[in-house]
Amino acid sequence: MAKEILALQANNTWVEVDLPPAIKGWSLHQLDVNNAFLQGDLDEEIYMKIPPGLARKGESKVFLLNKSIYGLKQASRQWFAKLSSFLLAEGFTKCLCDHSLFTYHRGSTSIFVLVYVDDIIISGTDDNFICSLKSRLASHFSIKDLGRLQYLLGIEVSRSPKGIFICQRKYVLDILKDSGLTRAHVSSFPMDAHIKLLPTYAKDLTDPSSFHRLIGRLLYLTVTRPDITYAINYLSQFMKHPRTTHLDAAHHVLRYLKGTIGHGIFLSSSSVLSLHGYTDSDWAGCPLTRRSTTCYFVSIGSSPISWKSKKQPTVARSSAEAEYRVMANLTTELQWLRYLFKDLHIPCPLPITISCDNQAAIHIAQNPVFHERTKHKEIDCYFVHGKLMNGLILPKYLPSADQLADVFTKPLGAQQFVRSGSPAPT
């Protein structure tokens, strides 16, 4: 689960900064830092033993490091501190909501720099300023200019006048090849609708590490494939003692991926810059703990930018409670997105509509009257109601049949899966 949350958070950072360039037609540039950790400056005394083969026999001297090297715990921090100091001196501002994002606003010029370890993405309104910035970066650091953004961290980026398309086609092909399923039959949905996996049913795997490795790789694939998010969330709960049935279910996901290799996320250039959220839950869906699986899904116009599928940490005593808790989680995500939009100097129309298929949860948000059935979730009630009164959100009822978030809470059959917005393979 932790790996899944990290992957989705990385997706949040990447896609949200990428959508305004798609809508506004800004260019995307990519830089790669050569030996990034070696370019950091140390601000404390650090000593290291002399490597084997260099020390004289019986000698007990040590080296005093003048520069950062790989293997130091401080290496990544010192590199980022040096890069941050340079960008701040250039007039950039570090975003409070995401410290890896730097913004520059002067008059009609807006430039954005996103840093991920040694990979840098630059976008903005002025291409001449961007070229100048790349030259100044190259004069201070050893940097390789990769030109227009096309491939980053296993994610392929394609651009056209209609928008930006991101996918992980090569990554999927590598997974299929390593799993030996390149010639497997295709499935039209990632998980059987009636499947019930148990931790003790069926035989133990002779090599559990293969299952661990496969799920780890699929977790990263959810960065651009929200359609498999629930299935991977479900399978990741059996990492401790995987069984043959769990591996069979994972192979079913691979057979679905084989038929949808080129699928990904399309960030439309015609999308309206307005947020919309969806919430859903599968109340008491876990047969072992009776905890609910809840999810939220956020889009800008027609473009998906943020999603999460997660089992709730406590047992919900009603479906309204399960729905309300995920509404509170979505509200925090929307509040963060609004801060991000503010840092990007992009207007965010309010209130943000939240589509929920549980009318009781909506009524509680609008009228926080507490009694014996709701007082145990009073904090979430106050939080969501406060944001509603401040004009940040506006919960609205949406029938379950039209709920886009349904695909994140439970396995669906082929017909329901396609209807929820995930096209079947052709």
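The values are calculated or read from the model by the stated rules, or taken from the named source; none is laboratory data. Worth saying up front: this structure is predicted, and the values here are computed from it rather than measured. Note: ideal-geometry Cβ built from the backbone for every residue, glycine included; neighbour counts use all protein chains shown. Note: areas computed on protein heavy atoms with side chains; ligands, DNA, RNA excluded. Shrake-Rupley method; radii C 1.70, N 1.55, O 1.52, S 1.80 Å.
Numbers at a glance
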| read-out | value |
| --- | --- |
| Complete set of residues in segment 133-186 that are assigned to a strand (DSSP E or B), under 21 Å from T224 (Cβ atoms) and not aliphatic (A, V, I, L, M) | R148, Y151, E156, S158, R159, S160, G163, F165, C167 |
| Test: residue in segment 307-322 that is closer than 27 Å to L197 by Cα, part of a strand (DSSP E or B) and of a type in the set (A, V, I, L, M, F, W, C) | yes |
| Filtered residues of segment 198-228 (kept if in a loop (DSSP other than H, G, I, E, B) and open to solvent by 10 Å² or more (accessible area, probe 1.4 Å)) | L198, P199, T200, Y201, A202, K203, L205, T206, D207 |
| Criterion (more than 28 Å from Q237 (Cβ to Cβ), surrounded by fewer than 17 Cβ atoms within 10 Å (Cβ to Cβ) and of a type in the set (A, V, I, L, M)) met by exactly one of I346, I364, I352 | I346 |
| Conditions (1) assigned to a helix (DSSP H, G or I); (2) open to solvent by less than 40 Å² (accessible area, probe 1.4 Å): number failed by S281 | (1) |
| Residue within segment 393-407 that is of a type in the set (K, R) and either modelled with pLDDT under 85 or surrounded by fewer than 19 Cβ atoms within 10 Å (Cβ to Cβ) (or both) present | yes |
| Pairs, first closer than 20 Å to F141 by Cα and without any contact (Cβ under 8 Å) to a residue 60 or more places away in the chain in segment 87-114, second of a type in the set (K, R) and in a strand (DSSP E or B), C-beta under 8 Å, six or more apart | L87/K94; L88/K94; G91/R106; F102/K94 |
| Residue count for segment 85-97, restricted to those that are surrounded by fewer than 19 Cβ atoms within 10 Å (Cβ to Cβ) and assigned to a loop (DSSP other than H, G, I, E, B) | 4 |
| L83 being closer than 28 Å to N66 by Cβ, touching a Phe, Trp or Tyr at 6+ places or on another chain (Cβ under 6 Å) and aliphatic (A, V, I, L, M) | no |
| Candidates S135, S142, filtered to the one that is in contact (Cβ under 8 Å) with a residue 12 or more places away in the chain and hydroxyl-bearing (S, T, Y) | S142 |
| Complete set of residues in segment 29-56 that are modelled with pLDDT of 90 or more and part of a strand (DSSP E or B) | H29, Q30, L31, D32, V33, Y47 |
| Within segment 265-305, tally of residues that are under 21 Å from L235 (Cα atoms) and not acidic (D, E) | 16 |
| Residue check for K82: open to solvent by 70 Å² or more (accessible area, probe 1.4 Å) and either modelled with pLDDT of 85 or more or more than 25 Å from the chain's Cα centre (by Cα) (or both) | no |
| Test set (1) out of contact with any helix residue (DSSP H, G or I) (no Cβ under 6 Å at 6 or more places or on another chain); (2) of a type in the set (D, E, K, R); (3) closer than 28 Å to F341 by Cβ - D118 fails condition number | (1) |
| Tally, over segment 304-317, of residues that are open to solvent by less than 30 Å² (accessible area, probe 1.4 Å) and of a type in the set (S, T, Y) | 2 |
| Matching residues, segment 246-267, being touching a Leu at 6+ places or on another chain (Cβ under 9 Å), open to solvent by less than 30 Å² (accessible area, probe 1.4 Å) and either of a type in the set (A, V, I, L, M, F, W, C) or assigned to a strand (DSSP E or B) (or both) | A249, A250, V253, L254, L257, L267 |
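For every residue, the table says whether it meets (1) surrounded by fewer than 12 Cβ atoms within 10 Å (Cβ to Cβ); (2) touching a helix residue (DSSP H, G or I) at 6+ places or on another chain (Cβ under 7 Å); (3) among the hydroxyl-bearing types (S, T, Y).
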| position | (1), (2), (3) |
| --- | --- |
| D126 | no, no, no |
| I130 | no, no, no |
| K134 | no, no, no |
| S139 | yes, no, yes |
| D145 | no, yes, no |
| R148 | yes, no, no |
| I166 | no, no, no |
| S179 | no, yes, yes |
| M191 | no, yes, no |
